[in-house]
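Chemist: Submitted below is the structure of interest, expressed as structure tokens.
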Amino acid sequence: MRKTAVLAIVIFLSLWGGAMAQKKESKKKTPIVITAKEMEANAKAGWVLFKGTVKAVKENLVLYADRVKIFLSPKDNKIERILAQGNVKVEQGKRVIMSQEAEYSVKEGVIEFRGHPKAWEGENLVVGEKMLYYPKEDRSVVIGGKGRVNAIIYPKEEKKGEAGSQELGKEFQR
């Protein structure tokens, strides 16, 4: 069980690690391009809402959702949190996370995926009731809730010349 949980966390970290590493390396500001069927803004209340087949792209990271609401600080109009709801999907190359809701808190530095979140890269999959990702710490937590965390891991094929499971298998056959 402990081994499965550790592997699930490693997979989940790999899903987000690439995007965060690129942001740290690149000091050049790149725009976020958002498309939606509708946009509504309320300056007095401090939010901007995108509705209807929302797509947000930043470098090679793509977010899809039915609606995305951005909450702004009343002091300086900086982003405090972002809430994506309905058919949330985040893609980065072969990496995908799907859930019904995702919320990013700038102050707490955490992205929380809720509503049957699933994360996979290629065939590898991890499922839980809730997934938390702390980009500044490059750390994640997958919570099973009422159920358990489930992971399906496909071992990478060994490269020619690497010692590994085949040689270990020979030792056990002796």
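What follows is calculated from the coordinates using simple rules that are stated; it is not laboratory data. Computed from a prediction, not measured in an experiment: that's the story for all the values here. Quick reminder, even Gly has a Cβ in these numbers, built from the backbone with ideal geometry, and neighbours come from all protein chains shown.
Chemist: Highest first, please rank the peptides 97-103, 50-56 by the mean number of other Cβ atoms sitting within 10 Å of their residues.
Modeler: Ranked by mean Cβ neighbours within 10 Å, highest first: 97-103, 50-56.
Chemist: Considering amide H positions built from the backbone, and no H for Pro or chain starts, which residues 5 or more places from residue 81, or on another chain, come under 5 Å of its amide H?
Modeler: 71, 106
Chemist: Can you work out the Karplus-derived ³J(HN,Hα) for every residue in region 50-64? Use 6.51 cos²θ - 1.76 cosθ + 1.60 with θ = phi - 60°, whole Hz, and x for glycine or proline.
Modeler: 10, 10, x, 6, 7, 9, 10, 10, 9, 6, 9, 9, 10, 10, 10
Chemist: Can you compute the FRET efficiency between residue 77 and residue 55 using 1/(1 + (r/R0)^6), with r the Cβ-Cβ distance and R0 = 22 Å? Round to the nearest 0.05. Could you put the intermediate results ahead of the total?
Modeler: Details: r = 23 Å, r/R0 = 1.06.
With a Förster radius of 22 Å, E is 0.40.
Chemist: Once you charge only the Cβ atoms, +1 for Lys and Arg and -1 for Asp and Glu, what is the size of the charge dipole of region 41-98 about its Cα centre, to the nearest 20 debye?
Modeler: 40
Chemist: Another question, then. What number comes out for the charge environment of residue 69, summing +1 per Lys or Arg and -1 per Asp or Glu over other residues with Cβ under 14 Å away?
Modeler: Around residue 69, the charge tally is -3.
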